[in-house]
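Below: one structure, written as structure tokens.
The values are calculated or read from the model by the stated rules, or taken from the named source; none is laboratory data. Predicted, not measured: the structure shown is a model, and the values here were computed from it. Note: ideal-geometry Cβ built from the backbone for every residue, glycine included; neighbour counts use all protein chains shown.
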Amino acid sequence: MRYAIHFTPPAHDPLTVAAAQWLGRNAFSGEATEPPAIRGIGIHDIAFNTALPRRYGFHATLKAPFRLAPDVTEPMLLRHLMRFAGTHSPFELPKLEVVRLGNFFGLAPVVPCDTVRFLAASVVQEFDNFRTPLSEAELERSDSGDLSAPQFANLHRWGHPYVMDEFRFHMTLTGPLSLVEMPRFDLALRDYFEPYLKRPVEIANLALFIEEEPGAPFLVHSLHPMGRVAARKIA
């Protein structure tokens, strides 16, 4: 069993529903969804090029997948996550847009957001003692060979290269694409998601995702509301 702490909008949010349809799976229910009909790109092309993010579900990573430390139980993790979420106030992200991130596409804010960077760094630090450190084999698999020095240091210290100063908030929409495929996916994604990006996205919860066995699709286990109301309920 692996756990991850992410952000994802609520299950019935229009953006969540649209993203689940694009990816072909709903991370809340685990059910498969029909890809949207988009001119210029076939449903089989969409299905093939969303296979990787489909398994992980629609999310923005805050704490990458980890196994619990030997002295930690799931109820302990849940209690701490509920309390932690209650100490952070909800906030709105800058407007999201479809962006190219290396060889894949995702949704990311049009301008940097220090608040979400602070939240992500806090999650990484707060829950580091809850994870089992990566084994040597896992470290080798996670090191692609082209990590920068800070990314390599992050991998060994925090279990993931793209944290702290290397963090960039994004919600992945495709797997790796060839240069030939990039333009048509860029156009298709912008056309499809534009109606759902008109209103601000609020970070109002932290989501616990679970992978029940190696290679299994990740599912939303629970959403944990942020803010003082949540903290008072826990107290």
Exercise. Check the range 174-189 and report whether any residue there is touching a Phe, Trp or Tyr at 6+ places or on another chain (Cβ under 6 Å) and polar (S, T, N, Q).
Key: yes
Quiz item: Which one of the conditions (1) β-branched (Val, Ile, Thr); (2) surrounded by 15 or more Cβ atoms within 10 Å (Cβ to Cβ); (3) closer than 21 Å to Asp191 by Cβ does Ile43 fail to meet, given that it meets all the rest?
Solution: (2)
Quiz prompt | Residue in the range 215-227 that is over 18 Å from the mean Cα position of the chain (by Cα), in a helix (DSSP H, G or I) and more than 18 Å from Tyr56 (Cβ to Cβ) present | solution = no
Quiz item: Of the residues that make up the range 131-144, is at least one touching a Phe, Trp or Tyr at 6+ places or on another chain (Cβ under 8 Å), crowded, with 16+ Cβ neighbours inside 10 Å and farther than 28 Å from Pro94 by Cα?
Solution: yes
Practice problem: Sort out for me the helices (runs of 4 or more DSSP H) sitting completely within the range 1-98 that have 3 or more residues that are at pLDDT 95 or above, aliphatic (A, V, I, L, M) and under 19 Å from the mean Cα position of the chain (by Cα). | Solution: 14-23, 74-86
Quiz item: Any residue in the range 27-36 that is over 14 Å from Tyr192 (Cβ atoms) and polar (S, T, N, Q)?
Solution: yes
Self-check item: Meets criteria (of a type outside the set (Ser, Thr, Tyr) and either buried (at least 17 other Cβ atoms within 10 Å of the Cβ) or touching an Asp or Glu at 6+ places or on another chain (Cβ under 7 Å) (or both)) for Phe105
Solution: yes
Self-check item: Search result, residues across the range 146-165 that are touching a helix residue (DSSP H, G or I) at 6+ places or on another chain (Cβ under 6 Å) and closer than 30 Å to Gln21 by Cα
Solution: Pro161, Val163
Quiz prompt | In the range 158-177, the residues that are touching a residue at least 40 places away in the same chain (Cβ under 8 Å), more than 16 Å from the chain's Cα centre (by Cα) and either exposed (fewer than 15 other Cβ atoms within 10 Å of the Cβ) or assigned to a helix (DSSP H, G or I) (or both) | solution = Pro176
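How about the range 65-121: which of its residues are of a type in the set (Gly, Ala, Ser) and closer than 30 Å to Lys198 by Cα?
Passing the criteria: Ala85, Gly86, Ser89, Gly102, Gly106, Ala108, Ala120, Ala121.
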